[in-house]
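Data first, discussion second: the structure below is written as structure tokens.
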Amino acid sequence: MDTEDAGPSDAGSVSGYSELGSISSQLPTSDTLGYAAMMLAEAELRLEGATRQEQETDAMLLLARREHGELKELNKTLREDRDVLRKKIVAKRRGKAQELAVGAHFSEAYDWVCEITKLTAVSQEGWKLQYSDNFLRNMTDAERVMLIGTTQAMPNCEEDGCSDDGSLADSSNGDIKDQGWSGAVVAVLGLFDKGKTFVLNHLTESALPSGKKVSTKGLSFKHVDVEGTKFIILDSEGSYAPVKVENELSVVEKEMSEHFIQDVIFELADYFLCVVNDFTSLDQRYLDKLTRSLQNSMKVFKEVIVVHNCKTVMEPEVLQHIFETQVTCIYGQGKLQMTRVAAISPLTGQLEEKAVQWFKTDFSRHVVLAHKECDLGDAINPWAFSLLRYWLKAVFVPVNRKFSVLQAVLQSCNLRMKHYFKSHPELVVIDDPDDPKLKLIKAQIQDNQEMRLPQASVDASGLLLTRPNSFQPAIDIIRTEKSYTIYMDVPGLTKHDVKLSRQNVTTIIKGGRSAPYAELQVVVEKAERKYGEFTQTFKIPQEYERKWSKCIVSNGVLKLVFKPDNDEEGLQVDDEAGKDEASHE
């Protein structure tokens, strides 16, 4: 039993040991574990390298995308610059083509042109009147008769309301003001070849001919509508234009003719823009004369807008230097201003707002322009012109008034001719015998009459100092601690012939002396005495009273005395107690 029982037990134990041996033989050895660990480490390194390579690839892809975007933007910018350059080239070609085409049909650029070449021509071949065919086509029959008819209205200045300074006031019967164009007259003045027509074109969005190959003739008119506001452009050749020398008086006659044109322009215009390049002393004298005339006139807007057309400047530093040395430094009483205006950018074609720098004095406003075909000009000029348009629209003038251009010019020329010639024939409009499309302004003179140039006062620089045959009194000014005295030679004048007025610290003296004989009824063999009207202005120093204390005309001498202003020195401060005691007493 015992043997039988032990058999199965021994057999089972032997079988268990054999199973354990086979399992132990299947377990990895230390070499196998080391190899597996090495393989795992190598796999991890490969994974880490693949991950790093993937990150580098992503970074390079991101950089490539960024560079692609930048190149795309650069390509877009280059295309825009190419388009802008192409537009400028096309505009320049069109401008040159227009400049060449306008030579034969110059008057087509304007609505109406009066070719005042020289003064004496009015009694010989006459001044040509040219009208644009397009302008005539758009007119009614009534307007055409009114503008180019030979019948002219010549109102008497004493009866029909001409102002004291000779400007055209509203006529009571409406012959002058109630017919014709509406809008304020904008005149651009200045010396020859300063870019006046260029300024007018950009200011009024017109296409008037400008450039070296063309020059404006006489008085040239153009009716424009700028942003809903009507203006009448009055353009001219400018002062000191080249002269064709035919005789020894050619230069003098040209100077006087230009002076005559400036007088007529001054009488007709409501706004005055003076265009300069480098602001020389000659420009300053020209501007000073214009501002003095404005202060003594009855015009509403008494400031001159000075446009510094720096047409060769392309660098911001140079433009700022010019503005400082030629504007701000020479006007001690002025003030630098900044005004924000909006304009269409020539680069983007969008409406953009910028601040424009300008300078204001008592009688003028100054703004600068750069070269029109450069980055500086694109960044400055549109906003400068927008500021100019804002000024013209903001200042009140009788923009709803109407006047006949032809009749107004005839009246102004007739009023001014007497200052230039002893004989004063009436100017009339006649048909041109050689060209039925043209009219002529001619003087009605008799066979024995002759319009000769009078003597004129011209300084060394060629600037006409006074009107021909005008009377300009000699002046002395004496300044002491007790008085400020003005002495003026007025031989033959009484106190009734002299008029005094005052505008703040400025005293204005006006007068005139007439010839003691009828010029057209006698033969003048010698004429050395001067006659005519004069106007003198004096800015009284602040330490003297604004109004004169004494005015005497004795023995042909006018004496004007101003006392010291002692008001501030005489002021005393009393305490309340003193006042109360004085009141009780």
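Details
- Available extension along the chain between Ala207 and Met139 is 22.4 nm, counting 0.36 nm per residue and deducting the alpha carbon span.
- Note, ³J(HN,Hα) from phi for the range 260-269, Karplus 6.51, -1.76, 1.60, rounded to Hz, x at Gly and Pro: 4, 4, 5, 5, 5, 4, 4, 6, 8, 8
- Among Lys510, Lys495, the order by Cβ neighbours within 10 angstrom, fewest to most, reads Lys495, Lys510.
- Highest average packing first - 478-490, 29-41, Cβ atoms within 10 Å: 478-490, 29-41
- Sites listed here are GluC sites (Glu not before Pro) in the range 234-301 whose DSSP assignment is loop and whose Cβ has at most 15 other Cβ atoms within 10 Å: Glu246, Glu248.
- Residues in the range 125-131 carry Karplus couplings, in order, of 7, x, 9, 6, 10, 10, 10 Hz; the curve used is 6.51 cos²θ - 1.76 cosθ + 1.60 with θ = phi - 60°, and Gly or Pro positions show x.
- Amide H partners (placed H, <5 Å) of Gly512, local residues excluded: Phe534
- By the beta-carbon count within 10 Å of each Cβ, the least crowded to most crowded order of Val306, Val557, fewest first, is Val557, Val306.
- This ranking places Val276, Val307 by how few other beta-carbon atoms lie within 10 Å of each, fewest first, which gives Val276, Val307.
- R0 of 45 Å, Cβ-Cβ distance Arg479-Ala342: FRET efficiency to nearest 0.05: 0.35
- Proximal charge balance of Asn381 [Cβ under 12 Å; K/R count +1, D/E count -1]: 0
Every number here is computed from the coordinates shown, using simple stated rules; none is lab data. Keep in mind that this is a model prediction, so the values were computed, not measured. Positions of Cβ are generated from backbone atoms using ideal geometry, with glycine treated the same way; all protein chains shown enter the neighbour counts.
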